[in-house]
1. Restricting to the stretch A:122-152, name every residue that is surrounded by fewer than 22 Cβ atoms within 10 Å (Cβ to Cβ) and under 16 Å from the mean Cα position of the chain (by Cα).
2. Can you tell me how many residues within the stretch A:75-111 are within 14 Å of chain B (Cβ to nearest Cβ) and over 28 Å from B:V55 (Cβ atoms)?
3. Does the stretch A:4-18 hold any residues that are more than 9 Å from every other protein chain (Cβ to nearest Cβ), aliphatic (A, V, I, L, M) and under 15 Å from B:H100 (Cα atoms), and which are they?
4. Which one of these is farther than 19 Å from B:F188 by Cβ and without any contact (Cβ under 8 Å) to a residue 24 or more places away in the chain: B:A125, B:A164?
5. Please go through the stretch B:136-154 and give me each residue that is assigned to a loop (DSSP other than H, G, I, E, B) and over 23 Å from B:V28 (Cα atoms), ordered by number.
6. Which numbered condition trips up B:K13, out of (1) more than 27 Å from B:L290 (Cβ to Cβ); (2) among the basic types (K, R); (3) out of contact with any Pro (no Cβ under 8 Å at 6 or more places or on another chain)?
7. Kindly indicate the residue of the stretch A:87-98 that is in contact with a Leu (Cβ under 9 Å, 6 or more places away or on another chain) and in contact (Cβ under 8 Å) with a residue 12 or more places away in the chain and also farthest from B:L145 (Cα to Cα) among those meeting that condition.
8. Looking at B:R111 and the list (1) under 20 Å from the mean Cα position of the chain (by Cα); (2) over 26 Å from B:I50 (Cα atoms); (3) buried (at least 18 other Cβ atoms within 10 Å of the Cβ), which single condition is not satisfied?
Amino acid sequence: MNLWVIAEHTLREAVRRRVVLAATVVIGGFLALYGVGVWFGYRDISTDPDLTMSMQRVIVGFMLQGGMWSLNFVASLLAIFLAVGSISGEIDQGTMHAVAARPVCRAQIVLGKFLGNLMLLTVFIGVSTAIMIAVVSIITGQYAERAWTAPFAMLFAAAILLAVTIAGSTRLGSLANGVVVFTLYAVALVGGVIEQIGNFLDNPVTFDIGIATSVLLPTRALWDLAGAQLAQESGAASGMTGGPFSSLNPPSGWMLLVAGVYLLLALAYAIRGFQRRDI
Amino acid sequence: MDQAAIRATGLRKSFGDTHAVRGIDLDVPQGEVFGFLGPNGAGKSTVVKIILGLVQASAGEVTVLGHPAGSLAARRQIGFLPETFRFHQWMHASEFLDFHGRLAGLDRDTRRKRVDEMLELVGLAHRRRDRLSTFSKGMHQRIGLAQALLAEPPLVVLDEPTSALDPIGRRDVRDIIRNLRAAGITVFLNSHLLSEVEQVCDQVAIINRGRIVAAGDLRELLAAREVELRLGEGAEAALRASGLQPVSEQPADGRYVLTAAGDEEIARITAHLAGAGVSIYEVQVRSNSLEDLFVRLADATDQ
């Protein structure tokens, strides 16, 4: 019961402190700009006599992948910012004292904050990706059916970042926690590119280094799940896609299992850390 | 009511090499107002936080109305006003109290009723729709007090409840504390304001350097008198022979300070000294205020 009270409180706080408003304005602006870009871009490619229909489809796929990747990046940053001071910030401000003295388990406080922020991210990712898919479909007339994998993969990755950031927040101050989590995120991002290079060069060491960064933080591997679906959607399994926006190699079932276990372990670590912390 | 509201046995807490609490035994009887005093850094806040389960003890045991401190059962018995009285600034006053009512497990109807009552009690009914960010320090302390009393707990822990209040606000809080006692609620009052403690507390414990240096009924503790005597030759031997131990002495000018349980003992001491042939030039009897007691005990422990 108290878990939902904390979750609702967390959600309400994000609304009242204008986090939702700020995110809506920024993402609304981005989507508007993106729509204008797609409209002008598609006007050019659809009237270019040198481009076949399949090539047009690949270019539209690129545009959708790039847009989705940007939304994924913003969702990741939002997950980190929402949770970076969720425990330590409240302890430093003194607002945690009255709450933690109530008959509420610390596990419920951690999970409540996780759930509240996850609900917010679900709405953010769901609405923004739906708008993006709709914008691309309306302007280009191409409906990207497989693109619906992307929001789920993005939400999974955001949930992991949220759990890791909350876990960090039980032990580190807001600034130190932000630095650690963002660095991990950047390493995983770069690791994904290294993995692609290793695959392209057929170099197992480079490839394994990329895999290792995915185990360190499996957010990039989850984006690869969405990226591979988007690449297939655009019919570009010919090797034309790749780079940071997409992947031709979706993560294996094992990697998804690792990501699931990783999420649970991060939450368990957060609960344990907060239970042992003196406030 | 033989069960103590709070019972601590052999309580210790260390933060690395710093020993904040060094073996405290404490018994807070139910239905009384208990003052917990001590200079800055004495370990008061650490003890309070252990009682609330915010800090884990390194050793020893604490129970709250028979439940282990920090357990959910123990926390259900406590209403707490933190010393920092910092609350979520984005919330409205009534929304804030409703949130704490939900955490305390109150149902919707009870919350609605209690929120109205508490806002009325602390004089903030007219600000119920205002955000806490618009509140003054004193108003924050008042809403914090309302939050502590919201769920009608049998034990209320107030950490410096009047530090931000004006004299009228302090008087109001004293009246609230007296009313709580009349209703049989135990109040554990951690305060620097000794006059306030003197006015409302039944029992006190004074802590310094992580140890309890005095504890008991406030009236009994204050009944002890301090007597300053300026005596002639032979005083030291006469005092030693009678088993009297000066708490401080300045033999250079023959001044000795003794503690006496009351007027009868003062008369007995002077008669004994006169009988021993010691000249008595001056006798000053000082009533023991809580401040005197506090300062003397703090100084004695520091030495």
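1. A:T122, A:V123, A:G126, A:V127, A:A130, A:W148, A:T149, A:F152
2. Applying the first criterion (within 14 Å of chain B (Cβ to nearest Cβ)) to the stretch A:75-111 yields A:85-87, A:89-109.
Filter once more, so that each one left must be over 28 Å from B:V55 (Cβ atoms): none.
Within the stretch A:75-111, residues that are within 14 Å of chain B (Cβ to nearest Cβ) and over 28 Å from B:V55 (Cβ atoms) number 0.
3. Matches in the stretch A:4-18: A:A7 only.
4. On the way: B:A164 fails: without any contact (Cβ under 8 Å) to a residue 24 or more places away in the chain.
Residue meeting the stated conditions: B:A125.
5. First, the residues of the stretch B:136-154 that are assigned to a loop (DSSP other than H, G, I, E, B): B:136, B:150-154.
Hit for the stretch B:136-154 is B:S136, nothing else.
6. Among (1) more than 27 Å from B:L290 (Cβ to Cβ); (2) among the basic types (K, R); (3) out of contact with any Pro (no Cβ under 8 Å at 6 or more places or on another chain), B:K13 violates only (1).
7. Once the filter is applied, the top-ranked residue is A:S88.
8. Tallying (1) under 20 Å from the mean Cα position of the chain (by Cα); (2) over 26 Å from B:I50 (Cα atoms); (3) buried (at least 18 other Cβ atoms within 10 Å of the Cβ), B:R111 fails exactly one: (1).
The values are calculated or read from the model by the stated rules, or taken from the named source; none is laboratory data. Note that the coordinates shown come from a computational prediction; the quantities given were computed from them, not determined experimentally. Using ideal geometry, Cβ is built from the backbone for each residue, glycine included, and neighbour counts are taken over all protein chains shown.
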